[in-house]
Amino acid sequence: MALKMIEFGSKEYDQMVALRHQMLRKPLGLQFTNEELAKEAANILLGCFDEEVLEGCCMLVEVAPGTIRLRQMAVISGLQGKGIGRVLMTFAENVARDRRYQKIIMNARVTSIPFFEKLGYQVSGNEFIDLTIPHVMMEKEL
């Protein structure tokens with residue numbers, strides 16, 4: 001398992017978009033727009049690879065000085081529950097700390113609350129609907 005930063009526009013980035021589409025968008029009947037993808041050039045793109053195959057990914061987006069937002073976390077179906085998400089989150093937190101961020105926030109699907117709570121995240125807001133799915137805001141001080 002190799003954890004690394006992904007360069008926007010690379011072959012690895014193409015794998016990242018495909019994985020996120022498969023796991024996060026396709027089940028909802030949604031596509032990424034060119035505008036959405038273009039904005040990702042400024043984000044910190046992270047991936048977990050086995051050989052050259054992307055098994056999990058996420059991105060970090062600055063929202064305020066000292067605060068970064070986790071977005072678009074996905075792990076290949078069939079590999080969920082195998083520790084890839086936990087390792088990827090540890091990597092994301094370390095990257096954020098290295099860049100002097102003090103807090104990570106996210107809009108987490110309600111079904112993923114127990115996963116993030118095990119990693120020290122806390123619900124910090126009321127439930128809301130995003131892309132037809134119930135979410136909550138979660139955060140963690142680094």
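For the condition at pLDDT 95 or above, within 14 Å of the chain's Cα centre (by Cα), among the aliphatic types (A, V, I, L, M) and under 18 Å from Leu28 (Cβ atoms), what is the one hit in Met59, Met73, Met89?
Met73
Yes/no matrix, rows are residues, columns are (1) under 24 Å from Lys118 (Cβ atoms); (2) outside any loop (DSSP other than H, G, I, E, B); (3) out of contact with any Cys (no Cβ under 8 Å at 6 or more places or on another chain); (4) among the polar types (S, T, N, Q):
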{"site": "Gly9", "(1), (2), (3), (4)": "no, no, yes, no"}
{"site": "Phe32", "(1), (2), (3), (4)": "no, no, yes, no"}
{"site": "Glu35", "(1), (2), (3), (4)": "no, yes, yes, no"}
{"site": "Glu40", "(1), (2), (3), (4)": "no, yes, yes, no"}
{"site": "Glu62", "(1), (2), (3), (4)": "no, yes, yes, no"}
{"site": "Ile68", "(1), (2), (3), (4)": "yes, yes, yes, no"}
{"site": "Gln72", "(1), (2), (3), (4)": "yes, yes, no, yes"}
{"site": "Phe91", "(1), (2), (3), (4)": "yes, yes, no, no"}
{"site": "Arg97", "(1), (2), (3), (4)": "yes, yes, yes, no"}
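Tally up the residues in the range 117-136 that are without any contact (Cβ under 8 Å) to a residue 40 or more places away in the chain and either under 18 Å from Gln72 (Cβ atoms) or in a strand (DSSP E or B) (or both), please.
Step one: of the range 117-136, the residues without any contact (Cβ under 8 Å) to a residue 40 or more places away in the chain are 117-130, 134-136.
Those still in the list that are either under 18 Å from Gln72 (Cβ atoms) or in a strand (DSSP E or B) (or both) too: 119, 121-123, 128-130, 134-136.
Qualifying residue count for the region: 10.
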Consider the range 84-140. How many of its residues are closer than 13 Å to Leu70 by Cα and among the acidic types (Asp, Glu)?
2
Meets criteria (closer than 16 Å to Lys140 by Cα and not in a helix (DSSP H, G or I)) for Met106:
yes
Over the range 96-116, the set of residues over 17 Å from Ala74 (Cα atoms) and surrounded by fewer than 17 Cβ atoms within 10 Å (Cβ to Cβ) is Arg97, Asp98, Arg99, Arg100, Gln102, Lys103
Of residues in the range 23-35 being over 15 Å from the mean Cα position of the chain (by Cα) and within 30 Å of Asp98 (Cβ to Cβ), the one surrounded by the fewest Cβ atoms within 10 Å (Cβ to Cβ):
Glu35
Output the number of the condition that Lys39 fails; it satisfies all remaining conditions of (1) closer than 21 Å to Val95 by Cβ; (2) modelled with pLDDT of 95 or more.
(2)
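The values are calculated or read from the model by the stated rules, or taken from the named source; none is laboratory data. Not measured: the values here are computed from a predicted model. Every residue, glycine as well, gets a Cβ built from its backbone with ideal geometry; the counts of neighbours run over all protein chains shown.
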